[in-house]
Every structure is written in structure tokens, then in C-alpha cells.
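Coordinate-derived values only; no laboratory data. Just so it is clear, the structure is predicted and the values come from calculations on it, not from any experiment. As a convention, Cβ positions derive from the backbone with ideal geometry for all residues, glycine included, and neighbour counts pool all protein chains shown.
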Amino acid sequence: MNPRATVAIVGGSVTGVAAFIQLVRSGNARRIDIIDPEGLAQSIAFNAGEATLLCNTSVQTLSVLDDEPHDFQRYLQAQGIDAGEDAFVPRAWVSGYLKQRYAEYRDVAQARGIEHRVVRATVRRIQPVARSDYRLVLDDGSDLRACAVLVCTGSAAPFVPPLVSPHAGAPGIFSTPYPTKAWLDSLGKPSRVLVLGSRLSAVDSVLLLCGAGHQVLMASPSGRLPGVRTATPRRCAVALDETRFARLDLENPKLYWHLLRIVARSAKAISGRSLREQVDRSVEPTQRLRGEVALARRGATDWQNLLVQCMDMADVKLRAAPPAVRMAALQNCWEAVGRYLFAVPLQTATTLLRLIDEGRLQLAAHVPTTLEWQGQWQVHDAHGHIESVDAVVCATGFHKQFFHATRDGLELQVSPTTPCMPPYVSPQLQVSLPGAEAPENIWLLGVASYLAAPMVNSVYQSVRQAREVVMLLAEPPSFIDNHATEAVA
């Protein structure tokens with residue numbers, strides 16, 4: 001790419017800020033535009049001000065500089081906060097960190113003569129005008145031009161279960177727990193609230209509701225809570241067997257068991273404990289939570305030391321696989337592995353256990369079948385049981401952002417119910433449009449990269465992608481085009 005080019009970054013949260021910083025450090029742009037309707041560093045994940053909501057990865061995975069993994073820790077120390085690299089800290093601290101680092105590199109950009117602006121708008125589509133010349137159409141009908149586009153958007157609309165969708169907008173029905181203040185303040189007297197889901201956003205909802213004096217019934221198909229951990233180190237003295245990992249057959253129906261053997265061998269080598277001794281296999285969710293809290297308190301969760309390496313190796317392998325094989329492999333392993341990848345800090349798990357013991361949190365391993373209003377919301381299940389609640393919070397996750405690719409460009413604002421043709425995305429995260437002779441200078445990063453890299457769920461992974469892509473942009477166009485063309489072939 002021409003080092004005097006204009007680069008557009010679509011999205012101003014973690015990935016967008018990381019990409020901006022990498023572009024400034026590389027000096028590989030004349031102008032950098034960040035386009036986001038919410039402005040800078042307004043991620044729902046890190047914009048929560050409540051101190052009870054902790055990051056679910058530890059300090060050493062939260063640096064916005066890929067080559068300086070201790071940068072976030074140094075920022076905290078400069079704020080007078082003595083946090084170790086394994087600490088789980090309030091999410092609001094990450095938001096403050098992102099804003100400060102962005103401001104610092106904005107000043108660096110100005111000093112180096114790099115033009116920069118933040119545009120408060122939504123990009124609807126990206127249209128090629130000529131090679132390395134793109135028109136970004138905004139929601140108000142205006143447009144911007146750029147030589148390269150880095151799409152750093154997050155998730156799309158909340159997923160609202162069919163049980164709730166007919167009641168969307170009714171009093172006491174909340175389609176998402178974010179932003180927290182928008183719905184939490186609307187609850188009056190101490191209420192009984194149904195939280196649908198049992199993963200991270202559901203845990204957030206429980207902490208906030210119970211902290212405000214409400215009672216919670218948490219319901220999900222499995223009733224399974226996330227695992228429990230005390231750190232997410234980026235390095236481990238004992239490594240996974242890279243040779244065996246590389247030989248894994250993603251299409252093997254027993255893929256999970258082969259993966260488990262690799263993890264179990266390394267997990268045992270850390271301190272001599274078998275993997276079986278590091279997990280609790282109880283079926284009942286509360287009993288399992290209690291067992292996992294006890295294991296974490298004893299420091300008997302050695303598996304957590306292998307997670308980062310496992311995700312990195314899986315990312316490389318999955319990116320190289322065809323989309324259908326990639327999805328089948330994830331489905332094969334996700335049910336058993338997902339709750340460990342998205343494990344909660346011991347502090348959070350201890351709070352959940354206390355709330356259960358105090359009777360303020362109930363768990364249900366089923367999803368209600370019917371929801372109706374009769375002065376209160378009546379929740380019916382398949383066994384004929386009826387629960388009365390004052391409010392319902394959907395903590396059931398978010399849709400992936402859908403992308404629709406045509407010869408004329410890439411649509412970014414696509415409804416989940418609208419048929420679309422996703423673009424081809426190379427292992428290098430570069431987009432190819434249908435019928436085009438060469439890949440475009442359009443790149444999908446972070447959560448938006450799921451079409452090629454479906455395992456991205458941590459800050460450090462998004463930051464690493466930002467560095468990778470900016471390094472590729474610095475290469476001659478033939479380097480980028482050849483790699484991506486080979487991937488298409």
C-alpha cells in the first residue's frame with residue numbers, strides 16, 4: 001500500500017483503537033479515519049462502570065500493544081493501582097486505558113503529520129471505485145474515501161429468544177443486559193427477575209440484579225455455568241505438543257477426544273495432577289460450581305495455563321480450514337470446551353455461590369416454554385411448573401454481524417433475517433468480492449473476522465490481528481494479492 005494512503009477503520013472499540021495505534025506506529029498512512037456511531041472506546045464489554053463486573057481474562061491479556069504485553073499493567077501502576085499480571089480487574093479500567101492510549105497516539109499522529117479524525121456515523125457499505133480506492137457510504141447518505149478499509153466492528157443485534165420476541169418492548173421485558181443502566185434503573189421495588197441464559201452476560205445480569213437487592217431465576221437449556229479460573233497467562237512453562245496439535249484431523253468425529261488427550265498430557269506435566277483432578281464432573285450446576293470454586297482456591301486448575309496457547313494454535317489451524325470443516329470442528333468441541341474458554345474469575349464464581357446459598361439466585365436447567373402477562377409475567381415450563389416474575393432479561397448473546405458481498409461491494413448493515421452472501425475471507429483476513437480478479441484492500445478484524453477466525457474472544461487476539469494486518473498493509477501489493485489469490489485458488 002502507498003505509505004501516503006488514507007486508511008479507514010470501521011469501529012472504534014478495542015480492535016479499532018489497536019489498529020489505529022499500529023498504523024500510527026508503522027507510519028504507513030497519510031490519513032486515518034475512525035468511523036463509529038458511538039465514538040471512541042465505547043465497547044459494551046468495557047464501558048460498564050460497576051466494579052463488580054470484572055474482565056474474564058487477566059491483566060496480561062489486555063494490552064493494546066501486541067509487542068508490549070505488560071503495557072496495561074504499567075498503565076494501572078501509573079494510576080496507583082498495584083495489580084499483578086494474573087489479576088482480574090474491573091472492566092471500566094480497560095475503558096480508561098483504551099481512551100488514554102488512543103489520546104497519546106492521536107498526539108503522536110499529529111506530531112508525525114498524519115491526519116486523523118473520528119467520524120460519528122455508521123458505515124452501510126464499502127464500494128470499490130478503482131484498485132485501492134473505496135467509497136464508504138454512511139447512514140446519512142454521505143460518503144468517505146479510503147485506499148484501505150479495516151472493518152473492526154463487534155457483534156450485531158441482541159439475540160432475542162422466540163419465547164420473548166412477541167413481547168419485545170413490553171414493560172419489564174429487556175432484550176439485552178447492555179447498557180446496564182438503561183434497564184436496571186427501571187426496576188422499582190425489590191423484584192424477582194428471570195434471566196435467560198447462563199453464560200457471561202447472564203452472570204453480569206445476576207451480579208447487577210442481586211447487587212441492587214433483586215432476586216434472580218437464571219434459566220438456560222443446559223443450566224451450565226462457565227468454568228472457574230484464577231488467571232489466563234499468556235505463557236506457560238509447559239507447552240502443548242505442537243506436532244500432535246498440527247496433526248489433528250478437524251473432520252474426525254473423535255476430534256474432541258484427540259484434543260483432550262493433548263491437553264491432558266500437558267496439564268498433568270505442569271504440577272503432576274491429572275486433568276481429571278483439575279475439573280469437577282458434577283451434573284448438578286450448583287454442585288459443580290461449588291467443586292470448581294474449591295479447585296480454584298487450591299490452585300488446582302492447571303488447565304488454565306494452557307488456554308492461550310490452545311486458542312492460538314486452534315486459530316492457526318481453523319483459519320487454514322475450509323469454512324464447512326471449520327464449523328463442524330467447532331461444533332464437535334464447543335459443548336465441552338466452551339465453558340472453560342469463557343470461564344469466570346474465582347471472585348465472580350465465589351459471589352455466585354454465595355448468592356445461591358443465600359437463596360437470592362436460583363438455577364434452572366431448562367428454558368421456559370410460554371411467557372404471558374397476568375399482572376406479573378407468568379413463566380411456564382414443559383413440566384407444568386409456573387413461576388411469577390416482575391421482569392425478564394435476555395442474556396442470550398448477540399448475532400454475528402452479517403456481511404453481504406456482491407461484485408459492487410460489501411454491505412455491512414444486513415439484517416439477520418435477510419438472505420446474504422458472505423464474502424470469502426482469506427486466512428490473512430482479507431476480503432474477496434464475487435467475480436473480482438484480486439482480493440480487496442478490505443480486512444475483517446476482531447469479532448468481525450469470524451468468517452476466517454472464529455476463535456477470537458479475547459483482547460489480545462484482536463490486538464494481534466491488528467498488528468498482523470498493518471504489517472501486511474506495509475508489504476508491496478503483490479505480496480498481499482499473491483497470498484490471498486492462492487487462498488482463493
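Full extension of the segment from SER26 to ALA51, taken as 0.36 nm per residue of separation minus the current Cα-Cα distance, would add 5.4 nm.
The order of the peptides 350-359, 62-71 by mean Cβ neighbours within 10 Å, most packed first, is 62-71, 350-359. Rounded to the nearest 10 degrees, the inclination of helix 346-357 to the longest alpha-carbon principal axis of the chain is 30 degrees. Distances between placed amide hydrogens fall under 5 Å for VAL414 paired with PHE402, all partners being 5 or more residues away or on another chain.
3J(HN,Hα) couplings calculated from phi for the stretch 217-234 with the Karplus curve 6.51 cos²θ - 1.76 cosθ + 1.60 (θ = phi - 60°) are, in sequence order, 10, 9, 10, 8, x, 9, x, 7, 8, x, x, 10, 9, 10, 5, 9, x, 7 Hz; Gly and Pro show x. Note on GLU358 and SER155: their simple-model spin labels are 2.7 nm apart, each label 7 Å out from Cα toward Cβ. Against the chain, whose longest principal axis comes from its Cα atoms, helix 477-488 is set at around 50 degrees.
For the stretch 112-249, rounded, prolate or oblate, judged on the Cα gyration tensor with a ≥ b ≥ c (square roots of eigenvalues), a/c < 1.5 rounded, else prolate if a/b > b/c? Since a/c reaches 1.5 but b/c is at least a/b, the shape of the stretch 112-249 is classed as oblate. Figure legend: label point modelled 7 angstrom from the Cα of ARG265 along Cα→Cβ; residues of the stretch 314-329 with amide N under 20 Å from it are 314-318.
On the basis of the beta-carbon distance and an R0 of 22 Å, HIS383 and GLU284 show a calculated FRET efficiency of 0.85. Paramagnetic label reach from THR406 (point 7 Å along Cα→Cβ; backbone nitrogen cut-off under 13 Å): within the stretch 125-143, residues 125-128. When only Cα pairs below 8 angstrom with a gap of at least 6 residues are kept, the chain shows a relative contact order of 21 percent.
Cα centroid separation, the stretch 1-65 to the stretch 232-275: 32 Å. Taking a ≥ b ≥ c as the square roots of the eigenvalues of the alpha-carbon gyration tensor, the chain is classed prolate because a/c is 1.5 or more and a/b outweighs b/c. On the beta carbon distance between GLU242 and ARG74, with R0 = 25 Å, the FRET formula returns roughly 0.20. Compared with the dominant Cα axis of the chain, that is its longest principal axis, helix 255-271 is turned about 80°. Close amide-amide hydrogen proximity is noted between SER63 and PHE72, each under 5 Å apart and 5 or more residues distant or on a separate chain (H modeled in the peptide plane; Pro and chain starts excluded).
Using R0 = 25 Å, the C-beta based FRET efficiency linking ASN457 and ARG298 works out to 0.40. Only DSSP H runs of four or more residues enter the estimate; each adds -39500 (n - 2.57), and after division by the residues of the chain the mean residue ellipticity at 222 nm equals -10500 deg cm²/dmol. Pull out the extension gain between MET421 and VAL325, defined as 0.36 nm times the separation in residues minus the alpha carbon to alpha carbon distance; nm, one decimal. Here the segment from MET421 to VAL325 would lengthen by 32.7 nm.
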